[in-house]
Every structure is written in C-alpha cells, then in structure tokens.
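> Can you keep this structure in mind? I'll have questions shortly.
The values are calculated or read from the model by the stated rules, or taken from the named source; none is laboratory data. Values in this document were obtained by computation on a predicted structure and should not be read as measured data. Cβ atoms come from the backbone with ideal geometry, glycine included; neighbour counts cover every protein chain shown.
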Amino acid sequence: MQKELKRAQDALSKLDPAPYFVSYSVYDQDNATTFGSQGSLMNSTRLRRRSVNVIVRVGNATLDNSHGDSRASAINPGLLPLEDDPDAIAHTLWQLTYSEYRKASQAFLNAKTSTQVHAQEEDTSADFSQESAQTHAGTSSSPICS
C-alpha cells in the first residue's frame, strides 16, 4: 500500500490542480458468529471483508475540496481483494484514488468559485488540520453466548 500511495502521489502531483494530501485507511475484518442451543451447534457463519477509504484533498489546508457542502468529496470507500495479491490491490487502489481525485478536483473548483462569488463566510476555520500521523492495528474479540 505504501508503494502504491507513493506512486499515486507522484502521478497526481503532475496534474492541475495537484492534491496536497492523499491517504489510505484499510480495514481487514474477519467475523465469526456461532449460535448454539442446549449444547448443540445451530448455526455458524464466518465473514471476511477488506475495505478501504481513499482520501484525496485538492487545494490547500485553508480551502480544499471538502469545503462547505462538498464534505463528502474528500473520501471514497471501496472494497479490496481478499487475496494478498499486490498487483490486484494496487490496481483497485489506483482506480479508487483516481476516481476520488476527479471528484475532489471538481469539488475544489466549485468551492473556489463559490467562495469568490459569495460574501465572507461566518466560519473562517481551515478545511483541514495537519496533525502528526496516527497508526492503529488491533483486534477486538468479544464472545457471544446464547
């Protein structure tokens, strides 16, 4: 993922407008549910899912594509292949990233035009705050008994 993120940042930085922030958040979930009654197994299911949120921000921290009514233009959710195939994962990440970039660049243009046309806004806070990176990898398990 880091290799694909670097490649996407390099490729998109050549476009106008160039994104100033790109990130991937991946969730690999493996859920198992078992139901029993009077000591007998009644049903057991297992669900595996690998999802990703691709975030692309175009503009700058003060005014970007997520401004105002365009908040949803900053994130693109999708599903990743369950197999650990680097080429398949990279392909899916690029599709989601480029799709999000197109949506973000159009939303940024709309936000930029809107702020130039309308009067001064009451909320003048930045659209994005730049904090240090956070990483979380963990598991959660809680037994369910019937």
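> When you go through (1) in contact with a strand residue (DSSP E or B) (Cβ under 9 Å, 6 or more places away or on another chain); (2) in a loop (DSSP other than H, G, I, E, B) one by one for K14, which number turns out not to apply?
If we test K14 against (1) in contact with a strand residue (DSSP E or B) (Cβ under 9 Å, 6 or more places away or on another chain); (2) in a loop (DSSP other than H, G, I, E, B), just (1) comes out false.
> Would you mind stating whether L47 is part of a strand (DSSP E or B), at pLDDT below 90 and over 13 Å from F108 (Cβ atoms)?
So L47 fails the test.
> Further, regarding this structure: Assuming S125 fulfils every condition listed in (1) modelled with pLDDT under 75; (2) within 18 Å of the chain's Cα centre (by Cα) apart from one, which condition is it?
The failed condition is (2).
> Within region 52-76, can you find the residues that are at pLDDT 90 or above and farther than 14 Å from A8 by Cα?
Within region 52-76, V52, N53 meet the criteria.
> I've got another one for you. Please list, ordered by first then second residue, the pairs with beta carbon atoms under 6 Å, 6 or more apart or interchain, first in region 52-65 and outside any strand (DSSP E or B), second buried (at least 22 other Cβ atoms within 10 Å of the Cβ) and polar (S, T, N, Q).
N65/S73
> Is it fair to say Y27 is under 14 Å from the mean Cα position of the chain (by Cα), closer than 25 Å to Q95 by Cα and at pLDDT 90 or above?
yes
> Restricting to region 45-101, and then to whatever is among the basic types (K, R) and surrounded by 15 or more Cβ atoms within 10 Å (Cβ to Cβ), can you tell me which residue is farthest from F35 (Cα to Cα)?
R57
> Now for a separate question. Could you tell me whether region 87-107 includes any residue that is among the charged types (D, E, K, R), in a loop (DSSP other than H, G, I, E, B), more than 16 Å from the chain's Cα centre (by Cα) and within 21 Å of R7 (Cβ to Cβ)?
No: region 87-107 contains no residue that is among the charged types (D, E, K, R), in a loop (DSSP other than H, G, I, E, B), more than 16 Å from the chain's Cα centre (by Cα) and within 21 Å of R7 (Cβ to Cβ).
> Output the qualifying pairs, or none if there are none: Cβ atoms under 8 angstrom, residues six or more apart or on different chains, first residue in region 1-15 and polar (S, T, N, Q), second residue surrounded by 11 or more Cβ atoms within 10 Å (Cβ to Cβ).
Q9/P19; Q9/V22; S13/P19
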